Amino acid sequence: MGFIEEQQLESAYVMGTYARKPVELVRGRGMRVEDAEGRTYLDFVSGVGAVSLGHCHPALVSAIEEQASTLVHVSNYYYIEHRGEVAHLVSDLLNECVDEAEREPWQSFFANSGAEANECAFKLARLHAKKRAMAAAEAAGADEDGVRAAAAAAPRLIVTLDASFHGRTLATLAATAQPAKQEAFQPLPDGFVRTPINDIKALESLFASQGDGICAVMVECVQGESGVHPCEPEFLAAVRRLTAERGALFMCDEIQCGMYRCGTYPFGFQHFGIAPDVVTIAKGIASGFPMGMCAARAQVAASFDPGDHGSTFGGSCLAVAAAEATVRALAAEDAAGNAERTGAYLREKLAALPQVEEVRGLGLMVACDLAEGVSAPDVVLAGLDEGLLLNFTGPRTLRFLPPLVCSKEDVDVLVQKLAALLS
């Protein structure tokens, strides 16, 4: 079937929730994808940061093929291969910057997406606060009614940052502090409150006025959808201090900035010298296969009992096989080091381009703001004719999330073509 026929079918039978670009992609390898007409493109989107190993990496393809021919799905009622291995690998990655003697295990819930991972984190935060309140009441000698009253009064507010993005389910949309994305779907679930990024005074004021009701703060250490805006180390340290003082959880949404995307370390938070209680993971964890995880320190994860949360497909045979192959290949191929080196090179080259006013990012999570009057959406569309897959997050903001196999030679091609588009 040709491109035109595919467009017609989608127009007739697929909900119009995406403004698709006028191209049908049919195959790929590494940094490159090919369309139905045989044209090749350098991919600086990588499935919105998901295809961490590059397209059709042999290790991933082999793992999926082998698992698909063995066992596809049996549900979470049973043990399967790879699930425990992936959880162990992720626990080790989360502990990578911790002294050996101080390491403790992290336990994971397996989901299918970043939004689901965040939903799990929200439920865990509120349940953890409730059980802490009940335990405190029991320790103080409260009777049954007193324990129930303590549970009902337990903290339930979750703090997120302005311009954050945590997903498109109703709860994760309520946590996403972008009114333009929320307005059409009101009323949204309550229990979320927002505060400006990198404003310590505002955060302290919020805790001073509502701290007894706060059960968690969730941050993206590097905000992605807003145009790649890193948090300041001092701000994240303040989040850690205030949550610890109140017994609230510090939760890091690592869905976009995790899995070596920021270079040097496995996770974005490890660049800032902080230690969260809960981390949510998706996108690059299985290099394009649908996969999400909510990882928590063991004493926090213990708040969940059987039946408190679940997923039909989360942690399926195929997903965990893909994830294990991805995690092992990312480590073996020094994805962190390549993201650090190539990302620095990308930022340097972008900064020298005409019409580029500011460049931001860590590793291969990069954005640039264009000069007034230059349309980022127009650049993205024109990029297709030059063999580039690009992404914009605002009227003048381009975001670059290439596969972590991106090379300096790939960056040179990008920059040469961008220079022509911007001149």
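The values are calculated or read from the model by the stated rules, or taken from the named source; none is laboratory data. Keep in mind it's a predicted model, so treat the numbers as computed, not measured. Note: ideal-geometry Cβ built from the backbone for every residue, glycine included; neighbour counts use all protein chains shown. Keep in mind that these areas ignore ligands, DNA and RNA; they rest on the heavy atoms of the full protein, side chains included. Shrake-Rupley method; radii C 1.70, N 1.55, O 1.52, S 1.80 Å.
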Suppose we keep only residues that are part of a helix (DSSP H, G or I) and aliphatic (A, V, I, L, M) within the stretch 349-378. Which one would you say is farthest from the chain's Cα centre (by Cα)?
Ala351
Are any residues in the stretch 379-399 assigned to a helix (DSSP H, G or I) and open to solvent by 40 Å² or more (accessible area, probe 1.4 Å), and if so, which ones?
Leu381, Asp385
For Ala296, indicate whether it is in contact with a strand residue (DSSP E or B) (Cβ under 9 Å, 6 or more places away or on another chain), of a type in the set (Gly, Ala, Ser) and outside any helix (DSSP H, G or I).
yes
Just give me the residues in the stretch 212-229 being surrounded by fewer than 24 Cβ atoms within 10 Å (Cβ to Cβ), over 18 Å from Ala248 (Cβ atoms) and of a type in the set (Gly, Ala, Ser), in sequence order.
Ser226, Gly227
Having 1 or more residues that are touching a residue at least 40 places away in the same chain (Cβ under 8 Å) and not hydroxyl-bearing (Ser, Thr, Tyr) is the bar; report the strands (runs of 3 or more DSSP E) wholly within the stretch 21-120 that clear it.
32-35, 40-43, 106-111
I'd like the residue in the stretch 47-64 that is hydrophobic (A, V, I, L, M, F, W, C) and crowded, with 23+ Cβ neighbours inside 10 Å and, out of all such residues, is farthest from Leu401 (Cα to Cα).
Ala63
When Ser423 is evaluated against the numbered criteria (1) surrounded by fewer than 21 Cβ atoms within 10 Å (Cβ to Cβ); (2) modelled with pLDDT of 95 or more, which criterion, by number, is the only one it fails?
(2)
Among the listed residues Pro196, Pro179, Pro155, identify the single one that is at pLDDT below 95 and farther than 30 Å from Ala322 by Cα.
Pro179
Can you tell me which residue in the stretch 319-337 is most open to solvent (accessible area, probe 1.4 Å), limited to those that are in a helix (DSSP H, G or I) and under 11 Å from Tyr265 (Cα atoms)?
Ala331
Could you tell me whether Ser316 is in contact with a strand residue (DSSP E or B) (Cβ under 7 Å, 6 or more places away or on another chain), surrounded by 16 or more Cβ atoms within 10 Å (Cβ to Cβ) and assigned by the TED database to the domain that holds Leu249?
no
Of everything in the stretch 131-154, what is open to solvent by less than 30 Å² (accessible area, probe 1.4 Å), free of Cβ contacts under 8 Å to residues at least 24 places away in the same chain and out of contact with any Gly (no Cβ under 6 Å at 6 or more places or on another chain)? Give them in sequence order.
Ala133, Gly146, Val147, Ala150, Ala151
